[in-house]
1. Could you do me a favour and compute the accessible area per residue for the chain, 1.4 Å probe, result in Å²?
2. Just Gly53, Gly41, Gly206 to compare: in a GNM of the chain, with alpha carbon springs under 10 Å, which one fluctuates most?
3. Among the listed pairs Lys40/Lys113; Lys22/Lys94; Lys63/Lys208; Lys74/Lys129, give every one whose C-alpha distance is greater than 24 Å.
4. Select one label from (i) 44; (ii) 56; (iii) 47: the one whose number is percent of Cα pairs over 25 Å apart as derived from the coordinates shown.
5. Given the options Lys40, Lys22, Lys63, state which has the largest fluctuation in a GNM of the chain using a 10 Å cut-off (strictly under) for Cα springs.
6. Using helices alone, I'd like the mean residue ellipticity at 222 nm for the chain: each DSSP H run of four-plus residues gives -39500 (n - 2.57), total over residue count, nearest 500.
7. In Å³ and rounded to a whole number, note down the convex hull volume per residue for the Cα atoms of segment 108-222.
8. Checking the a/c ratio against 1.5 first, then a/b against b/c, what shape does the Cα gyration tensor give for segment 34-114?
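The values are calculated or read from the model by the stated rules, or taken from the named source; none is laboratory data. Computed from a predicted structure; not experimentally measured. Reconstructed Cβ throughout: ideal geometry from the backbone, glycine too, with neighbour counts over all protein chains shown. What goes into the accessible areas is simple: the full protein's heavy atoms, side chains included, and nothing from ligands, DNA or RNA. Shrake-Rupley method; radii C 1.70, N 1.55, O 1.52, S 1.80 Å.
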Amino acid sequence: MDRKPIRVQAFLAQVPLFNSLKDEELDQIALGTTEVRAQKGDVIFQRGDPCEGFHVVLYGQVKLAFTSAGGSEKVIELIGPGHSFGEALMFMGKPYIVTAQATEDTLLLHVAKPAIFREIEADPAFARKMLAGLSQRMHSLMCDLESYTLRTGTERVAGYLLRGGAEEVTLPVAKSVLASRLNLTPEHFSRIMAELASRRVIAVKGRKVAILDADALGACAG
């Protein structure tokens, strides 16, 4: 069955970067926006491909990762609905330095560089929002670097499980992918989870992780 085309403006209006734009401004952005549908496992772009704009995830999830010549992978970021990626390289005029792959069926919008540049020139407030988004991404990456270098593996895992404040966490990706995201080997990640489960701090069933003792898990997070 053929898919009906989406109304791009309606989706753009829900993205924090664009939610303050007027209808006519959204119409202009929409002219430079294309719909990208990716099935689970599809590669959206590879390292070295030219960056002609940036992507916004409407639903699904995208994994950004480095891959070594030997085939090993380091996951840099997992991008979910409402979030974007590729802005910095778009401004720099550089090719992609990571590979983007859908970890589940995903719908994205690709916003072309000329549409963004026109809006930046016309609206200083929009330019400030772009800068705020890039600054937030940089801050997140610096926090990741601090975690990788100064926190133990157990502290990283505990902090990840606690970050949403929920009593049960559904791991968004395979454990091997999440381990890479936390800068751990899959074996180390599994040992940490098993140790926490043996102490009755958490209970694990597939991708479901129940937090049995939030105080003890908080102590593990440091």
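1. Solvent-accessible surface per residue comes out at 56 Å².
2. Gly206
3. Lys40/Lys113; Lys22/Lys94; Lys74/Lys129
4. The calculated read-out lines up with (iii).
5. Judging by the Gaussian network model, the answer is Lys22.
6. Using -39500 (n - 2.57) per qualifying helix, the result is -13000 deg cm²/dmol.
7. Taking only Cα atoms, segment 108-222 has a hull volume of 137 Å³ per residue.
8. oblate
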